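A.B. asks: Right, I'll just put the structure down here and ask away after.
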Amino acid sequence: MSKTTSKLNELIELLHDGENFYTEAAAKVKLPAYKNLFQRMATLKRSIAADLAAHVTAQGETVASGGTVFGSLRKMYADVRASMTSDSEAVYVAQLEQTEDRILEAFRDELNDDENLEVRRIAERHYPELKRAHDEMRDLKHRLAA
């Protein structure tokens, strides 16, 4: 597996974590506004992962199909915490914002990679929309905490 494919697959796994977590959270929250937001965020992660997967496939390599162990653990943790409170939306928002942090940090790291210009260009293309998604969740988390 090439270094480019390896880096892209790592990003794909993080995006799968986000997509899966948002999809699960959308199914568990009651308020339609949160359901819609979480579904929109899941769709964004799916779309970006598909773009990265196309680059991996074009290189004749195998695309990562799952997420990370850490992502699965974070989902389980959020589910347990949400089941123990009446404000499950706030729990999911806080945990999803941390997932956004991980994704954004990974893409930011690739923006600074001078060794792999292909991955860097892909990261540059998607970074603005990931930053907007991150900021939206961060702002929502702060509003819910206030």
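The values are calculated or read from the model by the stated rules, or taken from the named source; none is laboratory data. Keep in mind that what you see is a predicted model, and the values were worked out from it rather than measured. Note that each Cβ is placed from the backbone with ideal geometry, even for glycine, and that neighbours are counted across all protein chains shown. When the accessible area is computed, the model is the full protein with side chains, heavy atoms only, and any ligands, DNA or RNA have been set aside. Shrake-Rupley method; radii C 1.70, N 1.55, O 1.52, S 1.80 Å.
A.B. asks: From the list ALA90, ALA94, exactly one residue is in contact with a Lys or Arg (Cβ under 6 Å, 6 or more places away or on another chain), at negative phi, modelled with pLDDT of 75 or more and open to solvent by 20 Å² or more (accessible area, probe 1.4 Å). Which is it?
C.D. replies: Details: ALA90 fails: in contact with a Lys or Arg (Cβ under 6 Å, 6 or more places away or on another chain).
Just one listed residue meets the conditions, ALA94.
A.B. asks: Continuing with the same structure: Quick one: which residue in ARG40, ARG108 is of a type outside the set (Asp, Glu), open to solvent by 40 Å² or more (accessible area, probe 1.4 Å) and modelled with pLDDT under 95?
C.D. replies: Residue meeting the stated conditions: ARG108.
A.B. asks: Let me ask another. Could you list, in sequence order, all residues of the range 2-34 that are under 25 Å from HIS55 (Cα atoms) and basic (Lys, Arg)?
C.D. replies: Scanning the range 2-34 gives LYS3, LYS7.
A.B. asks: All but one of (1) surrounded by 13 or more Cβ atoms within 10 Å (Cβ to Cβ); (2) of a type outside the set (Ser, Thr, Tyr); (3) modelled with pLDDT under 90; (4) in a helix (DSSP H, G or I) hold for GLU61; which doesn't?
C.D. replies: So the condition that GLU61 fails would be (4).
A.B. asks: Let me ask you something else. I need every pair where a residue in the range 115-129 that is under 19 Å from SER47 (Cβ atoms) and part of a helix (DSSP H, G or I) has its Cβ under 6 Å from the Cβ of a residue that is open to solvent by less than 70 Å² (accessible area, probe 1.4 Å) and charged (D, E, K, R), sequence separation at least 6 or different chains.
C.D. replies: VAL119/LYS7; VAL119/GLU110; ALA123/GLU110
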